[in-house]
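The structure under discussion appears below in the form of structure tokens.
The values are calculated or read from the model by the stated rules, or taken from the named source; none is laboratory data. Predicted, not measured: the structure shown is a model, and the values here were computed from it. Here the Cβ is made from the backbone with ideal geometry for all residues, glycine too, and neighbour counts use every protein chain on show. Just the protein is used for accessible areas: all its heavy atoms, side chains included, with ligands, DNA and RNA removed. Shrake-Rupley method; radii C 1.70, N 1.55, O 1.52, S 1.80 Å.
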Number of protein chains: 2
Amino acid sequence: MYRTKTCGELRAADIEQTVTLAGWVQKTRKMGGMAFVDIRDRYGITQLVFNQEVDAPLCEKANKLGREFVIQVTGVVKERSNKNTHIPTGEIELIVSELNILNVAATPPFTIEDETDGGDDLRMKYRYLDLRRNIVRSNLELRHRMTIEVRSYLDKQGFMEVETPVLISSTPEGARDFVVPSRMNPGQFYALPQSPQTFKQLLMVSGFDRYFQIVKCFRDEDLRADRQPEFTQIDCEMSFVEQEDVLQVFEGMSKHLFKSILGTEIKDAFPRMTWHEAMKLYGSDKPDTRFGMQFVELADVLKDRGFSVFDNAAYIGGICAEGAAVYTRKQLDALTDFVKRPQIGAKGLVYARVEEDGTVKSSVDKFYTQEALQQLKAAFSAKPGDLILILSGDDVMKTRKQLNELRLEMGSQLGLRDKNKFSCLWVVDFPLFEWSEEDGRFYAMHHPFTSPKPEDIYLLDSDPGAVRANAYDMVINGVEVGGGSIRIHDSALQNKMFSFLGFTEEQAQARFGFLMNAFKYGAPPHGGLAYGLDRWVSLFAGLDSIRDCIAFPKNNSGRDVMIDAPSPIDQSQLDELNLSIRSAAK
Amino acid sequence: MYRTKTCGELRAADIEQTVTLAGWVQKTRKMGGMAFVDIRDRYGITQLVFNQEVDAPLCEKANKLGREFVIQVTGVVKERSNKNTHIPTGEIELIVSELNILNVAATPPFTIEDETDGGDDLRMKYRYLDLRRNIVRSNLELRHRMTIEVRSYLDKQGFMEVETPVLISSTPEGARDFVVPSRMNPGQFYALPQSPQTFKQLLMVSGFDRYFQIVKCFRDEDLRADRQPEFTQIDCEMSFVEQEDVLQVFEGMSKHLFKSILGTEIKDAFPRMTWHEAMKLYGSDKPDTRFGMQFVELADVLKDRGFSVFDNAAYIGGICAEGAAVYTRKQLDALTDFVKRPQIGAKGLVYARVEEDGTVKSSVDKFYTQEALQQLKAAFSAKPGDLILILSGDDVMKTRKQLNELRLEMGSQLGLRDKNKFSCLWVVDFPLFEWSEEDGRFYAMHHPFTSPKPEDIYLLDSDPGAVRANAYDMVINGVEVGGGSIRIHDSALQNKMFSFLGFTEEQAQARFGFLMNAFKYGAPPHGGLAYGLDRWVSLFAGLDSIRDCIAFPKNNSGRDVMIDAPSPIDQSQLDELNLSIRSAAK
């Protein structure tokens, strides 16, 4: 061992001990006849002192140390005269008698500090240096800690971690698969799993009863912000359960994580909200419930008063932003621009201020009497100083989604989305089907194995859009951290589902064959869910991007710029795989 | 929840309780006016009783249950008159008042019993049914338990689990990579990692200090027995350590596993043996030390006595099999055939029996006097009843390897390789280089980052074959469960190594570039090792094949016969990837 202590553990109690430390040079300072060097490792920073008078050559050597040199030092721990209360080792310093340079270092391309001067691209190229920064490494420490706690909780609950294969066939899920050519089976390909969905259901057929796995999954998607081609799921499945059982177990797991990781005890049950309610009150199936500002529907109040925009709208809804009546004209114009951005697509924004005297001043005063505006105020129970913001449109769901964006923006502007505050929620009763305007047909909203609610099955033929699924999402602070469903275990119902979704028997067999075959041999009732680990860690760490909790992430083109992957391969490799690369279309 | 208890937990203390169970029908028997049904789940088996006189329709329904039907039953726990001491629930039975068939089952293609009638191919095709067998599932339970204990131990030792990427570039290791075409980067490919070797070294450069990961690795090899294209490593790396530190930590981990998993306390330090000693005494770098039968070199005793085979041999060595003098001529001929098999390749086998009266009777009596044979006996300290087996050859290492095979075979025949006995060993001081006759040059025995022993560095130019590496393997019962090395962290030494291995600077840069660049910015001394999880679980489970501790293994052609992977993909997928499949050569 190159050290007797780490750079983070020396305290006043260690004074007068002789110790050896090893680590990186964080900083050197020359002061009078002294050299001060901060030595850093994963565990902390310790101040080293070299005295010119005591040992001039040693002090000289210390003065020549460069940033990020790797050194080993031996010395005696002494009390500092100027204590540093900002760091745990701030009471002591090490008077060095021996200095051994273990490795030199070129000057790093950016500073190894919490506030670095390195831009995103540079930091990604030199990710191994970026990872030296406390602020980055601590996210990965949190990630480690969370997986330890997840495994500990699930193990205690009788869940077994089972590794499912990475080299599989194409799965029936929606997104595009990454494929792997097989050398031993020319012309054939493995696919990388988008999730272990079918395998975990097979494990239930196998009687494993309670399964989990923290597992890499892969999707070859065009990368939007904050998506990675490889990501990590906490994947879980249980047998002989109903929806309530799944919710209980995983609410328990979440509370365990809040307690063990953040020290936050959540005593109450997580609120539950139906999908319909979430859409009506927040215009989102993952509402951020850290703040109120719920939607109020305003057709009764604002229609048929001669304002044609509202009169012709299918939906009129608004939010009330407490205390925001102070917004200037410029700020209101900016909000209007915000909702009119193509990504949001609203046609305009109507606002109404509640003045100090209780009167309401709106952007549509010429169409509405003060009496009507007072009714508007009453609809929100708005107080003097509040600002009411109203959107309308001819598509109910679209308008709600626009209003959701506005609500989130206002929440941010008013400081209501505190990263240190957490608001958990179950969204339940998702619709079983989703209508595709484009294709003129229904699709399974989750996947075709999701169980409808038994009490809704009678609607399958008459009103499929109204059939609710035993499907649920866990939402924290507006982030969908996990979701799942009870699966269909009855083959008659499964066949009905396939035929409803337009699969012939042959098509169903071709796509879902081995799972359907397995189900013939005694499938238990089962259900489960999967969490996105990257998202959850980001949430707990207060990060804006999942990238910062992934050791070696890829950029938006799916490239790892540090190792320069992907890259061309040798012709001999292509030959062995029986593949040719076509010349790209010009 | 479909149950109030599992099928494995009812005991005498539960008598008179009303409970609900859910599980699979293991067996049904009709006896007198009663029906007996064994219900099974992951946790055990409970006997259900249906009484014709009490409820004839219910009893009738029970009689119609097929094997592997999924049922839910409610009833009262009663004491059994005929207790079954073989199962934990054997004191009780459930008098059923309600029976609910949750799912029917087709007759499985083989019996769900420890001793099944299903052959290997059938069991692999219906792996989800095979996994219902206790004997298979318990291997996966053991695997789960071992990973829990590995993580618990390493976490307590300050190791952080860090996920390294699966989509990377080709690694410099020997075997063939699986590659993944990139749609977004046409003509370029990711590679799946053969191990996270470079990433874990980068994490040391990042100052992570102690890293581990239980991680899938991939090798596109022609599959010999007991190799899988995807396998799982316990991958570890530490900074600021010397070889002794690594051995201590991982010997500790092994002892923790023996204790926590098998209940075996190992107090003594693991024996250590140099690679040279292992080759000399066992003809193997992974000797099975559950039994002795060490090699004795016999040139001094047997040469120059007129037996030309021995006189011309570069190596003559033998083993002494205690009590095996009773071997018949037929058995000895079979041993001769065994060593002459092409896989082993010996030219012949010489044997010598020590008779009851102490005289020695050999297969080469005409060349050796009894006096010479007594010297042979003395060389082994052989006793009456022992059998001495001798091989010779003109290549020392080859002959040792042949003798190793013979020793293992004799160990098996004499019952000395007890699966419930464990013998652990460190093999240390591996040679740094391996001479390739074919290419007429040296190769790195492990990888080019392995550190030579400092005291041997002076031999690099004069006698490279004699340079020992700071490399080590952990061997249990003749299985290499893990191995690793101290890495080179000094770039001058690293460059010397590259140039010795025949890399130009450009070639070294092209192959190892990003790691070499990282090393410029302050690499700490570091080293580590990796365990094969599959092998270790197999060893603890007493399995002959790693396949039985993998939930969904592949066969020797790399196929998953259950899901039928790999498989052809759509033309549209190939188009998106810019690939063509060449028509296979005829």
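Quick notes
- Selection within segment A:279-304: residues that are assigned to a helix (DSSP H, G or I) and over 15 Å from A:L389 (Cβ atoms). The member of this set that is most open to solvent (accessible area, probe 1.4 Å) is A:D300.
- Candidate set: segment B:305-341, residues that are open to solvent by 70 Å² or more (accessible area, probe 1.4 Å) and closer than 22 Å to B:G385 by Cα; chosen: the one nearest to the chain's Cα centre (by Cα): B:E322
- Filter pass, B:I148 being of a type in the set (V, I, T), more than 30 Å from B:G252 (Cβ to Cβ) and touching an Asp or Glu at 6+ places or on another chain (Cβ under 8 Å): no
- Single unsatisfied condition, B:I101 versus (1) among the β-branched types (V, I, T); (2) open to solvent by 20 Å² or more (accessible area, probe 1.4 Å); (3) facing another protein chain (nearest Cβ under 10 Å): (3)
- A search for C-beta distances below 6 Å between a residue of segment A:200-216 that is closer than 24 Å to A:F231 by Cβ and open to solvent by less than 10 Å² (accessible area, probe 1.4 Å) and any residue that is assigned to a helix (DSSP H, G or I) and at pLDDT 95 or above, counting only pairs 6+ apart in sequence or on different chains, returns A:L202/B:Y128; A:Y211/A:K200; A:Y211/A:L203; A:F212/A:L154.
- The set of residues from segment B:453-476 being open to solvent by less than 50 Å² (accessible area, probe 1.4 Å) and of a type in the set (D, E, K, R) comprises B:K453, B:D456, B:D473.
- Hits in segment A:318-342 (condition: closer than 15 Å to A:E356 by Cα and assigned to a helix (DSSP H, G or I)): A:A324, A:A325, A:V326
- Within segment B:502-516, not a single residue is at positive phi and open to solvent by less than 10 Å² (accessible area, probe 1.4 Å).
- Members of segment B:199-227 found to be under 24 Å from the mean Cα position of the chain (by Cα), under 30 Å from A:F189 (Cβ atoms) and modelled with pLDDT of 95 or more, listed by number: B:K200, B:Q213, B:I214, B:V215, B:K216, B:C217, B:F218
- As a summary of the residue check, B:F231 satisfies the conditions (1) modelled with pLDDT under 95; (2) within 16 Å of B:R176 (Cβ to Cβ); (3) not polar (S, T, N, Q) except for the one numbered (1).
- Scan segment B:475-524 for residues that are assigned to a strand (DSSP E or B), within 14 Å of chain A (Cβ to nearest Cβ) and either among the charged types (D, E, K, R) or within 32 Å of the chain's Cα centre (by Cα) (or both) and the total you get is 2.
- Flag if B:P384 is outside any helix (DSSP H, G or I) and without any contact (Cβ under 8 Å) to a residue 24 or more places away in the chain: no
- Any pair with Cβ under 8 angstrom, 6 or more apart, that starts in segment A:109-120 at a residue that is surrounded by 13 or more Cβ atoms within 10 Å (Cβ to Cβ) and ends at one that is of a type in the set (F, W, Y): A:P109/A:Y126; A:F110/A:Y126; A:I112/A:W24; A:T116/A:F110; A:G118/A:F110; A:G118/A:Y126
- Within segment A:37-142, helices (runs of 4 or more DSSP H) holding 3 or more residues that are more than 36 Å from the chain's Cα centre (by Cα): A:56-63
- Residues in segment A:154-169 that are more than 7 Å from every other protein chain (Cβ to nearest Cβ) and either in a loop (DSSP other than H, G, I, E, B) or buried (at least 22 other Cβ atoms within 10 Å of the Cβ) (or both): A:L154, A:Q157, A:G158, A:F159.
- A single member of A:S567, A:S557, A:S491, A:S545 is surrounded by fewer than 21 Cβ atoms within 10 Å (Cβ to Cβ) and free of Cβ contacts under 8 Å to residues at least 12 places away in the same chain, and it is A:S567.
- Among the residues making up segment B:1-13, those that are open to solvent by 20 Å² or more (accessible area, probe 1.4 Å) and more than 10 Å from every other protein chain (Cβ to nearest Cβ) are B:T4, B:K5, B:E9, B:R11, B:A12, B:A13.
- Taken across segment A:85-96, residues that are without any contact (Cβ under 8 Å) to a residue 40 or more places away in the chain, of a type in the set (S, T, N, Q) and surrounded by fewer than 17 Cβ atoms within 10 Å (Cβ to Cβ) do occur, with at least one present.
- Among the conditions (1) touching a strand residue (DSSP E or B) at 6+ places or on another chain (Cβ under 8 Å); (2) open to solvent by 20 Å² or more (accessible area, probe 1.4 Å); (3) touching a residue at least 40 places away in the same chain (Cβ under 8 Å), the only one that B:V479 does not satisfy is (1).
- Test result for A:A584, modelled with pLDDT of 95 or more and facing chain B (nearest Cβ under 9 Å): no
- Listed by position, the strands (runs of 3 or more DSSP E) inside segment A:172-254 whose residues that are more than 7 Å from chain B (Cβ to nearest Cβ) and of a type outside the set (A, V, I, L, M, F, W, C) number at least 2 are A:210-218, A:230-239.
- Selection within segment B:14-33 - open to solvent by 60 Å² or more (accessible area, probe 1.4 Å) and more than 42 Å from the chain's Cα centre (by Cα): B:E16, B:Q17, B:T18, B:K30, B:M31, B:G32
- Of all residues in segment B:75-82, none satisfies being under 16 Å from B:W24 (Cβ atoms) and either open to solvent by less than 80 Å² (accessible area, probe 1.4 Å) or among the aliphatic types (A, V, I, L, M) (or both).
- Subset of segment B:395-423 [surrounded by fewer than 21 Cβ atoms within 10 Å (Cβ to Cβ), within 28 Å of B:A466 (Cβ to Cβ) and either of a type outside the set (D, E, K, R) or assigned by TED's automatic domain parsing to the domain that holds B:D245 (or both)]: B:V396, B:M397
- Residues of segment B:435-452 satisfying the condition of being surrounded by fewer than 21 Cβ atoms within 10 Å (Cβ to Cβ) and either polar (S, T, N, Q) or modelled with pLDDT of 95 or more (or both): B:S436
- Within segment B:525-557, the set of residues being of a type in the set (F, W, Y) and either within 12 Å of another protein chain (Cβ to nearest Cβ) or assigned to a loop (DSSP other than H, G, I, E, B) (or both) comprises just one member, B:F552.
- Segment A:558-570, residues that are on the phi < 0 side of the Ramachandran plot and either modelled with pLDDT of 90 or more or at the interface with chain B (Cβ under 7 Å from one of its Cβ atoms) (or both): A:R559, A:D560, A:V561, A:M562, A:I563, A:A565, A:P566, A:S567, A:P568, A:I569
- Checked against (1) in contact with a strand residue (DSSP E or B) (Cβ under 9 Å, 6 or more places away or on another chain); (2) open to solvent by less than 10 Å² (accessible area, probe 1.4 Å); (3) facing chain A (nearest Cβ under 9 Å), B:Y126 passes all but condition (2).
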